[in-house]
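Everything below concerns the one structure shown next.
The values are calculated or read from the model by the stated rules, or taken from the named source; none is laboratory data. Given the structure is predicted, the values throughout are model-derived calculations rather than measurements. FYI the Cβ positions are ideal-geometry reconstructions off the backbone, even for glycines, and counts take in every protein chain you see. The protein model used for the area step is the full one, side chains on, heavy atoms only, and it has no ligands, DNA or RNA in it. Shrake-Rupley method; radii C 1.70, N 1.55, O 1.52, S 1.80 Å.
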Amino acid sequence: MPAAAMAPPSDPHIPVLLGPLLKAVAPVRGLWCDGTFGAGGYALGLLAAGADRVIGIDRDPLAHRMAAPLLAAHEGRLQLKHGTFSNLDTLAGEPLDGVVLDLGVSSMQLDQAERGFSFQKDGPLDMRMSQDGPSAADLVNTADEAEIADILYHYGEERASRRIARAILEARAQEPISTTLRLAEIIARQLPRPKPGQSHPATRSFQAIRIAVNAEFSELAAGLAAAERALKPGGKLAVVSFHSLEDRIVKRFFLAASGQEANANRYAPATETTEPRFTMATRKAIAADATELAQNPRSRSAKLRIGIRTDAPASAIPPADLGLPTFSRKGRR
Ligand SMILES: C[S@@+](CC[C@H](N)C(=O)[O-])C[C@H]1O[C@@H](n2cnc3c(N)ncnc32)[C@H](O)[C@@H]1O
């Protein structure tokens with residue numbers, strides 16, 4: 001069944017770190033962009049906290065189908081645009097008082113087996129947030145062994161990346177890998193059986209393949225730069241990340257853009273020091289408190305970082321300074 005025709009998920013996405021975010025960016029006024037609209041939890045939170053208007057963006061047609069009642073209920077104050085947040089300045093089309101990015105996939109996406117994100121539910125090996133372009137099946141059935149190993153290692157920190165890549169090539173020579181559970185089994189067979197409390201052995205590899213399929217790291221780097229261009233002086237950029245690789249990009253972006261550290265790599269030549277484009281709202285990342293942790297296990301790994309735009313002109317940060325892995329993707333994104 002095409003994903004766009006699936007029944008809407010019954011279980012809504014519970015927003016992570018929304019309370020701490022709204023508190024840290026208060027007072028909320030003017031025009032905000034929610035670059036990861038999902039089920040609209042952040043957008044609605046911003047409107048309730050005092051934003052005059054919110055422009056939402058999501059690349060997933062499912063988010064747009066589900067948003068109809070919200071858009072009708074907040075007509076004139078809430079808009080939703082289809083596209084990626086790497087273009088948020090162009091999509092918004094006007095200077096912004098704030099930008100929020102709540103990275104990764106939503107529970108609506110994860111929970112629908114048909115979307116192919118989950119190694120716990122059998123479904124087509126898809127993983128495309130935007131429901132178009134090359135899928136995870138295209139990637140695992142066509143990429144060469146070295147590229148698959150690089151993806152697993154750099155995007156999933158999977159130490160058994162070479163062994164798993166070899167097993168994927170052997171398995172696909174028998175029959176193309178087209179389902180989530182088959183891929184999960186191929187991966188699990190290469191790794192020790194998890195002890196009680198340990199995560200599923202395919203967790204890291206599935207994360208890596210999802211990141212590759214959706215070009216999540218280049219999207220993030222471009223999205224941070226787009227937010228920098230779009231924000232008014234005094235405007236706020238709040239980013240919630242869900243794993244250490246994502247958080248490293250956000251942290252290095254803010255370090256470089258706030259002039260605290262021109263270059264995070266002490267062996268690399270120092271980049272040109274420019275006037276700070278952001279000041280940090282808090283020195284450290286904000287994490288979920290015990291109450292939120294108890295209510296929403298997804299908040300366990302979440303980190304929130306917030307920067308406040310200065311009036312210095314926007315500038316670009318080289319991707320290597322953000323810690324983006326730089327292996328060859330054979331013409332892919
Ligand atoms: C974690 S969910 C956001 C949930 C949302 N804050 C809420 O409260 O419902 C992430 C959403 O962002 C979307 N998304 C992820 N990366 C994107 C990108 N680069 N551009 C646009 N949308 C993206 C996904 O499709 C997903 O719907």
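Some notes on this structure:
This table checks each residue for (1) charged (D, E, K, R); (2) more than 21 Å from PHE37 (Cα to Cα); (3) in contact with a strand residue (DSSP E or B) (Cβ under 9 Å, 6 or more places away or on another chain); (4) assigned to a loop (DSSP other than H, G, I, E, B).
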site	(1), (2), (3), (4)
LEU62	no, no, no, no
VAL99	no, no, yes, no
ASP122	yes, yes, yes, yes
MET129	no, no, yes, yes
PRO134	no, yes, no, yes
ILE151	no, yes, no, no
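- Only one of THR326, THR282 that is at pLDDT below 95 and in contact with a strand residue (DSSP E or B) (Cβ under 8 Å, 6 or more places away or on another chain): THR282
- Residue match in segment 253-264 (condition: modelled with pLDDT of 95 or more and either within 16 Å of the ligand (Cβ to nearest atom) or touching a His at 6+ places or on another chain (Cβ under 9 Å) (or both)): yes
Table: residues versus (1) within 11 Å of the ligand (Cβ to nearest atom); (2) open to solvent by 10 Å² or more (accessible area, probe 1.4 Å); (3) of a type in the set (Lys, Arg); (4) within 22 Å of LEU139 (Cβ to Cβ).
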site: SER205; (1), (2), (3), (4): no, no, no, yes
site: ALA208; (1), (2), (3), (4): no, no, no, yes
site: ILE211; (1), (2), (3), (4): yes, no, no, yes
site: GLU216; (1), (2), (3), (4): yes, yes, no, yes
site: ALA226; (1), (2), (3), (4): yes, no, no, no
site: LYS232; (1), (2), (3), (4): no, yes, yes, no
site: LYS236; (1), (2), (3), (4): no, yes, yes, no
site: ARG248; (1), (2), (3), (4): no, yes, yes, no
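- Restricting segment 85-97 to residues that are of a type outside the set (Ser, Thr, Tyr) and part of a helix (DSSP H, G or I), the residue that is nearest to ARG53 (Cα to Cα) is ALA92.
- Looking across segment 68-88, the residues that are within 13 Å of the ligand (Cβ to nearest atom) and either over 23 Å from LEU237 (Cβ atoms) or of a type outside the set (A, V, I, L, M, F, W, C) (or both) come down to LEU70, LYS81, HIS82, GLY83, THR84, SER86, ASN87.
- If only residues of segment 20-54 that are more than 10 Å from the ligand (Cβ to nearest atom) and of a type in the set (D, E, K, R) are counted, the one that is surrounded by the most Cβ atoms within 10 Å (Cβ to Cβ) is ARG53.
- Residues (among the hydrophobic types (A, V, I, L, M, F, W, C), open to solvent by less than 70 Å² (accessible area, probe 1.4 Å) and not in a helix (DSSP H, G or I)) located in segment 292-333: ALA302, LEU304, ILE306, ILE308, ALA312, ALA314, ILE317, LEU324, PHE327
- Residues in segment 64-84 that are open to solvent by 30 Å² or more (accessible area, probe 1.4 Å) and in a helix (DSSP H, G or I): HIS64, ARG65, MET66, ALA68, PRO69, LEU70, LEU71, ALA72, ALA73.
- Boolean, VAL105 is surrounded by 18 or more Cβ atoms within 10 Å (Cβ to Cβ), within 15 Å of the ligand (Cβ to nearest atom) and either of a type in the set (S, T, N, Q) or closer than 30 Å to PRO313 by Cβ (or both): no
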